[in-house]
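Have a look at the structure below before the remarks.
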Amino acid sequence: MELGILGLPKSGKTTVFNALTMGRAEVAAYSTGKATPNVGVVKVPDPRLDNLAAMLKPERTIPAEVRYLDGGDSPRGFGQVDALIHVIRVFRDERIPHIKGGVGPERDVGILDLELIFSDLSIIERRLERLRVSLKGAKVAEREIALREQSLLDKIKSALEDGLPLREQELSEQECKAIHGFQFLSAKPLLLLFNIGEDQREEGSSLERRFRSMFQRPHSEVAVLCGRLEMELGQLNDDEAMEFRSSMGLTQSGLDRAIRLSYGLLELVTFFSIASGEVKAWTVSRGTTIQKAAGRIHSDMERGFIRAEVIAHDDLTKCGSLAEARRKGLIRLEGKNYLVQDGDVVTILFNI
Ligand SMILES: Nc1nc2c(ncn2[C@@H]2O[C@H](COP(=O)(O)OP(=O)(O)OP(=O)(O)O)[C@@H](O)[C@H]2O)c(=O)[nH]1
Ligand SMILES: [Mg+2]
């Protein structure tokens, strides 16, 4: 899974990137003019994986991973990412200039939406031009296909021109498939991440409620994060960070929350494989069959899939051991069309 971080200049993108990745990329009050994006890989914290490791005592425990890209001011190169995180400045600091003159979350959300819409419109216009040319000399069959694409793109275009990002347009599954290859930016699920100052921490949850009601939109999520604080916490070791957190009355890491929210946004589910001394977390989209999921572990497992032994994480931990779960008959045998559920612990039986 890959997430791209966007936002206006000096909104705190690199700070949030560092917070999410525990990285130390350079943050600055004035533009650094960096050309290359920051890339960071994060192991997804998941208490269920820790539970399984404690119970099964495997040689290795491997969490799922998320990649974050901090592309600076431009969404160029974000065609590939699975979702976008839009960092919106809420913190106030006179020493750090705001490109629009001052804090204005609603305005800033609108500016980014427009930027994504413009980027998509320019792709559509180029494609429509190409279609117009190819329609001239087209044979009947080709013509029909091209006309269908033209009318879909025209429909999308006029909605975009009305200011409606693709993620908010109602498209059929087939239409979504037809435009998938264009990698439209405004179609990507979006996490609006409001970056508050240390001095605004106390209002954090009331701000979040307010932003949530302001920006309730399809395929979008809202979270409030104190970027700078989380970045500094990320540079401490776990014990120090925990102590710091509790001394400030902070419980759940804002970071864990941001990661979990981006998961929910993507409609991902996590399953766990247990085999040969290894417990490993995997992510797949909701609605993935167990056979397809097995292919993530190893292509042989998909090809030679026979069946899977499946137990929900919660059931397994209640039993305390695999042997006990087996005795109680809680380990199910599932065939290839079973849809993987969040928290499933699986062993794939296969034959090659
Ligand atoms: N006071 C305060 N300052 C912050 C906070 N988050 C970021 N900053 C400061 O704002 C400045 C810009 O932060 P960056 O993370 O570099 O912002 P950016 O969006 O990556 O900036 P560009 O990549 O240059 O557009 C830095 O000086 C940060 O220390 C915050 O929560 N509180
Ligand atoms: Mg930056």
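Things worth noting here:
- Annotation: amide H of VAL345 within the under-5 Å range of PHE272, ILE311, ALA312, HIS313, sequence separation 5 or more or interchain, hydrogens built in the peptide plane.
- Cross-link pairs exceeding 28 Å between alpha carbons, from the set LYS100/LYS155; LYS155/LYS336; LYS155/LYS188; LYS136/LYS188: LYS100/LYS155; LYS155/LYS336; LYS136/LYS188.
- Whether the range 108-187 is rounded, prolate or oblate, judged on the alpha carbon gyration tensor where a/c under 1.5 counts as rounded: prolate
- Principal axis analysis of the Cα atoms in the range 43-143 yields extents of 67, 51, 19 Å, listed in decreasing size.
- Charges were assigned to the Cβ only: +1 to each Lys and Arg, -1 to each Asp and Glu. The resulting dipole of the range 268-350 about its Cα centre is roughly 160 debye.
- Value at 222 nm in deg cm²/dmol, rounded to 500, when DSSP H runs of n ≥ 4 in the chain each add -39,500 (n - 2.57): -12500 deg cm²/dmol
- The range 288-302 - phi-based ³J(HN,Hα) in whole Hz, Karplus 6.51/-1.76/1.60, Gly and Pro as x: 7, 6, 4, 5, 4, 4, 4, x, 5, 6, 7, 4, 4, 5, 6
- Relative contact order (%) - the chain, alpha-carbon pairs under 8 angstrom, separation at least six: 19
- Sorted ascending by nearby beta carbons within 10 Å, beginning with the fewest, LEU316, LEU333, LEU261 become LEU333, LEU261, LEU316.
- Local net charge near PHE215, Cβ-Cβ under 14 Å (Lys/Arg +1, Asp/Glu -1): 0
- 3J(HN,Hα) couplings calculated from phi for the range 4-12 with the Karplus curve 6.51 cos²θ - 1.76 cosθ + 1.60 (θ = phi - 60°) are, in sequence order, x, 9, 10, x, 5, x, 6, 8, x Hz; Gly and Pro show x.
- Sites excluded, GluC sites (Glu not before Pro) in DSSP loops with at most 16 other C-beta within 10 Å, longest stretch of the chain: 171-266
- Restricting attention to the chain, close to 50% of DSSP beta bridges with both partner residues there are antiparallel.
- Taken about its Cα centre, the range 78-196 carries a charge dipole of about 400 debye when Lys and Arg each add +1 at the Cβ and Asp and Glu each add -1 at the Cβ.
- For the range 268-350, the relative contact order is 44 percent, taking Cα pairs closer than 8 Å that sit 6 or more residues apart in sequence and dividing their mean separation by the residue count.
- Relative exposure of HIS180, HIS313, HIS219, judged by other C-beta atoms within 10 Å (fewest first): HIS180, HIS219, HIS313
- Amide H contacts of GLU65 (H built 1.01 Å from N, under 5 Å, at least 5 apart or other chain): VAL44
- Here the chain is assigned +1 on the Cβ of each Lys and Arg and -1 on the Cβ of each Asp and Glu. Its dipole about the Cα centre then comes out at about 920 debye.
- Under 5 Å from the amide H of LEU6 lie the amide H atoms of ILE85, HIS86, VAL87, each residue being 5 or more positions distant or on a separate chain, with H modelled from the backbone and absent for Pro and chain starts.
- A simple rule links phi to the HN-Hα coupling: the Karplus curve 6.51 cos²θ - 1.76 cosθ + 1.60 with θ = phi - 60°, which for the range 101-111 gives x, x, 5, x, x, 4, 4, 5, 4, x, 4 Hz, with x for Gly and Pro.
- Where both bridge residues fall in the range 268-350, DSSP classifies roughly 90% of the beta bridges as antiparallel.
- Bins of 20 Å from zero: percent of alpha-carbon pairs in the chain: 26, 49, 24, 1
A short reminder: the numbers here are calculations on the coordinates, not readings from a lab. Model, not experiment: these values are computed from the prediction. When we count neighbours, we look across all protein chains shown, and the Cβ atoms used for this are built from the backbone with ideal geometry, even at glycine.
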